[in-house]
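Student: Have a look at this one before I ask anything.
The values are calculated or read from the model by the stated rules, or taken from the named source; none is laboratory data. These numbers come from a predicted model, not from an experiment. Note: ideal-geometry Cβ built from the backbone for every residue, glycine included; neighbour counts use all protein chains shown.
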Amino acid sequence: MGDGTGISWTDATWNPVRGCSRVSEGCRNCYAERVAARFSGPGQPYEGLADRERAGSKWTGEVRIVPEHLADPLRWKRPRRIFVNSMSDLFHEKLSNEDIAAIFGVMAAAPQHTFQVLTKRAERMREWFEWMALEENWSPTATMHVEAGPHLDDDEDDTLAERILDAEWPLPNVWLGVSVENQDAAKRIQHLLATPAAVRFLSCEPLIGPIDLLAASPNARSLVWDLDWIIGGCESGPGARACDVDWLRSLRDQCAMAAVPFFLKQAEETTDCGEDREPDIGDDDSIAFGDGSKMKARRPGGHHVIELPYLDGAQHAAFPGPADA
Ligand code: SF4
């Protein structure tokens with residue numbers, strides 16, 4: 001578990017699952033795959049999960065739960081926003097329904113935190129929620145209790161068990177999101193909108209093509225009423241693909257029209273910052289703006305990436321209402 005993270009829309013990451021496999025264009029330059037390959041030697045955390053090949057890093061397709069990290073959030077007392085599985089995908093087909101229920105059980109037992117679940121497997125996510133609601137199953141809370149129970153072995157006074165059994169469903173402290181990197185991936189939106197959730201969001205990062213949200217949604221009403229947050233951003237790191245600033249502008253404008261909070265995480269250096277905000281890139285790769293503010297920059301393949309950039313003179317760092325209300 002990582003307390004503190006370079007991801008500006010979260011406070012911490014929690015990785016109870018290791019391993020993954022690619023599903024779409026958004027996975028092409030997968031950061032997790034590169035890191036996993038680097039630590040895949042004998043005795044290392046990602047042994048057997050990724051390989052280092054001449055052509056680059058490659059997942060092996062094996063996926064496993066990490067029992068020693070399953071209960072990590074329970075040890076964190078200060079409330080945090082926690083990005084779940086930044087190094088994998090919670091709804092990967094190699095995980096059983098019961099495995100996923102155990103992880104949701106931990107989230108139910110830690111209501112002080114807000115968990116941000118982001119997946120590229122939107123259909124599996126929807127199917128898992130349908131499985132949880134099946135009549136022949138126990139109730140969702142009982143299922144979570146049974147599956148998470150063995151991992152809550154310090155629960156001497158049954159407080160955690162009670163929290164799980166008393167939880168509302170869907171869990172009010174879990175946000176569900178899908179990655180939408182281009183119009184093809186926007187088909188995931190319909191599954192997200194059909195899944196019960198306290199907060200639903202999209203992560204349009206890495207944005208590698210224009211996205212028309214309305215074309216991918218059942219109707220305008222569901223966009224306005226059932227979508228709570230959209231994150232946008234360019235790709236960074238080795239092999240980063242171009243992100244046209246007009247794709248970001250379009251996302252911003254669609255959010256404004258649907259009254260959905262917009263969070264612009266990062267953009268290429270070439271993004272128009274507005275008349276008074278042309279960036280001055282320093283020797284240390286920092287970016288100084290006319291008003292004295294400074295932002296960190298990275299240099300992926302010669303391009304700077306600006307975090308929390310100004311777009312046409314304004315930053316966009318909004319969060320869904322309930323969390324900050
Ligand atoms: S789903 Fe996420 S972690 Fe898995 S390969 Fe794709 S980008 Fe990487």
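Student: So is Pro42 free of Cβ contacts under 8 Å to residues at least 12 places away in the same chain and away from the ligand (no atom under 12 Å from the Cβ) or not? Don't jump to the end; show me each part of the working.
Tutor: Details: free of Cβ contacts under 8 Å to residues at least 12 places away in the same chain: yes; away from the ligand (no atom under 12 Å from the Cβ): yes.
Spelling it out, Pro42 is indeed free of Cβ contacts under 8 Å to residues at least 12 places away in the same chain and away from the ligand (no atom under 12 Å from the Cβ).
Let's see how each residue does on (1) more than 24 Å from Arg75 (Cα to Cα); (2) small (Gly, Ala, Ser):
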residue: Arg18; (1), (2): no, no
residue: Ser24; (1), (2): yes, yes
residue: Arg28; (1), (2): yes, no
residue: Gly43; (1), (2): yes, yes
residue: Ala50; (1), (2): yes, yes
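Student: Please go through the stretch 96-126 and give me each residue that is in contact (Cβ under 8 Å) with a residue 60 or more places away in the chain, out of contact with any helix residue (DSSP H, G or I) (no Cβ under 8 Å at 6 or more places or on another chain) and within 12 Å of the ligand (Cβ to nearest atom), ordered by number.
Tutor: The answer is Leu118, Arg121.
Student: I would also like to ask the following. Kindly state which helices (runs of 4 or more DSSP H) lie completely within the stretch 134-240 and contain at least 3 residues that are assigned by TED's automatic domain parsing to the domain that holds Gln254 and among the aliphatic types (A, V, I, L, M).
Tutor: So the answer is 188-193, 220-226.
Student: Scan the stretch 45-71 and report the pairs whose first residue is farther than 13 Å from Asp99 by Cα and whose second residue is in a strand (DSSP E or B) and away from the ligand (no atom under 12 Å from the Cβ), with Cβ atoms within less than 9 Å and a gap of 6+ or a chain change.
Tutor: Every condition considered, the pairs that remain are Gly48/Arg64; Leu49/Arg64; Ser57/Asp51; Lys58/Asp51; Lys58/Arg52; Trp59/Asp51; Thr60/Asp51; His69/Trp14.
Student: A follow-up question, please. Find the residue count for the stretch 76-95, including only residues that are within 16 Å of the ligand (Cβ to nearest atom) and basic (Lys, Arg).
Tutor: Counting residues in the stretch 76-95 that are within 16 Å of the ligand (Cβ to nearest atom) and basic (Lys, Arg) gives 1.
Student: Taking the conditions exactly as written (part of a loop (DSSP other than H, G, I, E, B) and touching a residue at least 40 places away in the same chain (Cβ under 8 Å)), does Leu264 satisfy them or not?
Tutor: Working: part of a loop (DSSP other than H, G, I, E, B): no; touching a residue at least 40 places away in the same chain (Cβ under 8 Å): yes.
The answer is no for Leu264.
Student: How many residues does the stretch 172-227 hold that are out of contact with any helix residue (DSSP H, G or I) (no Cβ under 8 Å at 6 or more places or on another chain), among the aliphatic types (A, V, I, L, M) and in contact (Cβ under 8 Å) with a residue 60 or more places away in the chain?
Tutor: Residues that pass the stated criteria total 0.
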